[in-house]
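Student: Structure in structure tokens, see below.
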Ligand SMILES: [Zn+2]
């Protein structure tokens, strides 16, 4: 784990500079009272940065102001901000901690999208609300960040055989997201291509370092302790790339009211495999998983982050933090019980 932390600290060095730039950039372009309560631009809070519901937004397209990029959730915003540096402003439609699969956009989201120069989204049916949403927005280009990733099919439930959308949860896939972001930014703003190319290269190096650290941390788990039991089936890509076996209560967060049948199936698997620790996720209730822990004698190991970053003062203000935090919680939970 020390090696893991070492990598993390290396990452953190770059961040305060980035935050400062973002905060200054946002402070200089604040216009109105707006509706951006608690949304994020990249890895920091973004209060009052968007013209919000003002439909005319005459200040929005000033020639020298950075172009605006809108993402569907906070993790994509953080990745995009790392590639953008201070050459673009980045904002997430859904706010920190939001349930993103079944999100219901509000009118101010449409206004923001109409005022944006580019919309970035995950694809793979993650944003089930987006198709309708984009019909209400004229002439704003949109880019799918999971383009080029081979999907893993969802195994069970009403979405069986559809792609599991949580592709970003493997750093190896995240490298594809970064390349797609870089390409979209170069297309949007060729004058700053050098910035995006350099930032994407640096951020990709950070992701590769996290990938190595994850390999090392998770390789320490004994073969009999490799069951990752979660609420949502969001870890298929991580499990595949790091040699874990995935067990979950429900496949996608829309069905977060777990059924007795789902609970029974997980309880049986936890008992059969003598799984020491079970986990849930930050954007849903962990009650069902705590019931499973109680019924099986397993520990409840805490909440992992998948669909949202934390607040800036929380444990995972950035995507790199999220990957590291989850690996720490998983390895601590699975190894900890053994000793
Ligand atoms: Zn999810």
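Student: Taking residue 168 as meeting all but one of (1) surrounded by 23 or more Cβ atoms within 10 Å (Cβ to Cβ); (2) at pLDDT below 95, write down the number of the exception.
Tutor: (2)
Student: Of 291, 324, which residue is over 22 Å from residue 211 (Cα atoms) and in contact (Cβ under 8 Å) with a residue 12 or more places away in the chain?
Tutor: When all the criteria are applied, what remains is 291.
Student: So, residue 149, is that one in contact with a helix residue (DSSP H, G or I) (Cβ under 9 Å, 6 or more places away or on another chain) and farther than 26 Å from residue 105 by Cα or not?
Tutor: Taking the combined requirement at face value, the residue satisfies it.
Student: If we scan segment 203-214, do we find a residue that is modelled with pLDDT under 95, surrounded by 14 or more Cβ atoms within 10 Å (Cβ to Cβ) and within 28 Å of residue 285 (Cβ to Cβ)?
Tutor: yes
Student: Restricting to segment 63-75, name every residue that is within 16 Å of the ligand (Cβ to nearest atom) and either part of a loop (DSSP other than H, G, I, E, B) or closer than 13 Å to residue 184 by Cα (or both).
Tutor: Of everything in segment 63-75, those that are within 16 Å of the ligand (Cβ to nearest atom) and either part of a loop (DSSP other than H, G, I, E, B) or closer than 13 Å to residue 184 by Cα (or both) turn out to be 71, 72, 73.
The values are calculated or read from the model by the stated rules, or taken from the named source; none is laboratory data. Please read these numbers as outputs of a predicted model, since none were measured by experiment. Every residue, glycine as well, gets a Cβ built from its backbone with ideal geometry; the counts of neighbours run over all protein chains shown.
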